[in-house]
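Presented below is the structure to which this report refers.
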Amino acid sequence: MEKATVKKKKQVLLYYCVEMEDVARKIASESDSIILHSINWRSFADGFPNLFINNAHDIRGQHVAFLASFSSPAVIFEQLSVIFALPKLFVASFTLVLPFFPTGTFERMEEEGDVATAFTMARLISNIPISRGGPTSLVIYDIHALQERFYFGDNVLPLFETGIPLLKQRLQQLLESEKIVIAFPDDGAWKRFHNQLVDYPTVICTKVREGDKRIVRLKEGNPDGCHVVIVDDLVQSGGTLIECQKVLAAHGASKVSAYVTHGIFPKRSWERFLHKNDGSEKAFTYFWTTDSCPHTVKAVANQAPFEVISLAGSIADALQI
């Protein structure tokens, strides 16, 4: 009999931006084949970046990746400067890992004059120089609108990953006595995720207009007596999740939790979900999110109901594709 050949893992040199250092170290701890390399992130007196790629000569002929976080417009330019430089250092291949694609919610024009900044961001990324190994591989998790994959040009190869398998692993750790039901806050979330969560009963909420207000209603499914987990790709202010929780509780849900891949939470909106020590009812039993948004990770650390599920293992696997 022929022996099965074991595919040898390729060595990947991983650079990273400042705010993703913790995630980068977790990724490296997942695999001996991922070696961390650093950038000197400095600024000139006028505020513009003064950057230096360490070990630039040594990365020739190597597989190189960069872990980015476009958390604000202020940090995008310096990271793009590095991202555009790395493929030109005679590397064997280049991969950009951008867990959260930040302009994803601005993907369409509703009237003449609207600027679809998701398309602008995709065009910027699509102009990353080709490396010796060909187009850049681009790893993104749970991009907001699936049609955004068509915004990217032929110079990049987008790999769209999801955090849902990590949620499913966490749900399997809960007590068997808990009857888990998955809730989707709208039809868009159902279309997006229901095929990945077929093992669970589902509930779908919807928003209906009543006068000048949009009210969340239960569209289908029965949450009575169940631990209901609301699933969506991202959260901003959290208003929709809070309204969904109220509707589900009113229909008999014994517990309500939430999962989002990207916890953006502008203006500290995560504080709306914290468990208070005044004996009041805890609306959310758990609130799971990933470490795609590092500022949120630091803000919610050790604060119930938040639990951060790391993408590190999933990213380490993606770097071997």
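Would you be able to say whether some residue in the stretch 134-146 is surrounded by fewer than 19 Cβ atoms within 10 Å (Cβ to Cβ), modelled with pLDDT under 95 and assigned to a loop (DSSP other than H, G, I, E, B)?
Yes, the stretch 134-146 contains a residue that is surrounded by fewer than 19 Cβ atoms within 10 Å (Cβ to Cβ), modelled with pLDDT under 95 and assigned to a loop (DSSP other than H, G, I, E, B).
Search the stretch 189-213 for residues being modelled with pLDDT under 90 and open to solvent by less than 100 Å² (accessible area, probe 1.4 Å), and hand back the single one that is farthest from the chain's Cα centre (by Cα).
The selected residue is G211.
Go through (1) in a loop (DSSP other than H, G, I, E, B); (2) touching a strand residue (DSSP E or B) at 6+ places or on another chain (Cβ under 9 Å); (3) open to solvent by 50 Å² or more (accessible area, probe 1.4 Å) one by one and return the number of the condition F106 breaks.
If we test F106 against (1) in a loop (DSSP other than H, G, I, E, B); (2) touching a strand residue (DSSP E or B) at 6+ places or on another chain (Cβ under 9 Å); (3) open to solvent by 50 Å² or more (accessible area, probe 1.4 Å), just (2) comes out false.
Restricting attention to strands (runs of 3 or more DSSP E) lying wholly within the stretch 5-47, give those where 1 or more residues are among the charged types (D, E, K, R).
39-43
Being touching a Lys or Arg at 6+ places or on another chain (Cβ under 7 Å) and over 14 Å from A65 (Cα atoms) is the filter here; which residues of the stretch 84-128 pass it?
Once the filter is applied, which keeps residues that are touching a Lys or Arg at 6+ places or on another chain (Cβ under 7 Å) and over 14 Å from A65 (Cα atoms), the stretch 84-128 yields only A116.
Among the residues of the stretch 119-127, are any of a type in the set (D, E, K, R) and either free of Cβ contacts under 8 Å to residues at least 24 places away in the same chain or open to solvent by 60 Å² or more (accessible area, probe 1.4 Å) (or both)?
Checked against the condition, which is being of a type in the set (D, E, K, R) and either free of Cβ contacts under 8 Å to residues at least 24 places away in the same chain or open to solvent by 60 Å² or more (accessible area, probe 1.4 Å) (or both), the stretch 119-127 yields at least one hit.
Considering the stretch 77-119 alone, what residues qualify as being under 18 Å from I34 (Cβ atoms) and touching a Pro at 6+ places or on another chain (Cβ under 6 Å)?
Scanning the stretch 77-119 gives a single hit, F94.
Would you check which residues across the stretch 266-321 are open to solvent by 40 Å² or more (accessible area, probe 1.4 Å) and charged (D, E, K, R) and list them?
K267, R268, E271, R272, K276, D278, E281, K282, K298, E307, D317
Could you tell me whether any residue of the stretch 68-76 is among the aromatic types (F, W, Y), at pLDDT 95 or above and assigned to a strand (DSSP E or B)?
no
With the requirement that a residue be open to solvent by 30 Å² or more (accessible area, probe 1.4 Å), polar (S, T, N, Q) and either within 21 Å of Y141 (Cβ to Cβ) or in contact (Cβ under 8 Å) with a residue 40 or more places away in the chain (or both), what does the stretch 56-83 give you?
Q62, S71, S72
Can you tell me which residues in the stretch 29-87 are closer than 19 Å to P135 by Cβ and among the aliphatic types (A, V, I, L, M)?
Those that are closer than 19 Å to P135 by Cβ and among the aliphatic types (A, V, I, L, M): I59, V64, A65, L67, A68, L80, V82, I83, A85, L86.
Is there any pair linking a residue in the stretch 208-228 that is more than 21 Å from F284 (Cβ to Cβ) to one that is open to solvent by 50 Å² or more (accessible area, probe 1.4 Å) and assigned to a strand (DSSP E or B), with Cβ under 6 Å and at least six apart or on different chains, and which?
Pairs found: V208/R217; R214/K207.
Which ones in the stretch 227-241 are surrounded by 21 or more Cβ atoms within 10 Å (Cβ to Cβ) and in a loop (DSSP other than H, G, I, E, B)?
Residue satisfying the conditions is G238 alone.
Is it the case that some residue within the stretch 242-263 is small (G, A, S), closer than 20 Å to L174 by Cβ and in a helix (DSSP H, G or I)?
yes
Conditions (1) of a type in the set (S, T, Y); (2) touching a Gly at 6+ places or on another chain (Cβ under 7 Å), marked per residue:
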| position | (1), (2) |
| --- | --- |
| Y16 | yes, no |
| R25 | no, no |
| E30 | no, yes |
| A45 | no, no |
| I53 | no, no |
| H57 | no, no |
| G61 | no, no |
| A65 | no, no |
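The values are calculated or read from the model by the stated rules, or taken from the named source; none is laboratory data. Note that the structure is predicted; figures quoted are calculated from it, not measured. When we count neighbours, we look across all protein chains shown, and the Cβ atoms used for this are built from the backbone with ideal geometry, even at glycine. For accessibility, only protein heavy atoms count, side chains too; no ligands or nucleic acids. Shrake-Rupley method; radii C 1.70, N 1.55, O 1.52, S 1.80 Å.
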